[in-house]
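Data block below; observations after.
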């Protein structure tokens with residue numbers, strides 16, 4: 001897994017038909033990502049509410065974008081480039 005020193009999450013997710021490169025550069029993007037994953041709790045978790053917090057608290061598989069309906073991400077289709 002790649003680690004970025006100033007951006008989190010910054011990772012590659014496995015999908016049934018390929019991979020998605022995930023790079024969330026600001027707090028608004030993170031809130032929209034949590035909404036896409038239908039995970040409202042993730043967006044309001046104090047460990048992840050700001051990019052600085054996300055960098056300090058790397059997300060594990062139990063608290064990251066790979067949980068819930070996206071474990072693994074169903075498909076790469078429909079995701080913005």
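Calculated on the Cα set of the range 10-61, radius of gyration then Dmax: 11.2, 33 Å.
Relative protection proxy for 27-36, 13-22, from highest mean packing down: 27-36, 13-22 (other beta-carbon atoms within 10 angstrom).
Any read-out appearing in this document is the output of simple, stated calculations on the displayed coordinates, not a laboratory observation. Bear in mind the structure is a predicted one, so any value in this text is a computation, not a measurement. Positions of Cβ are backbone-derived with ideal geometry, glycine not excepted, and every protein chain shown enters the neighbour counts.
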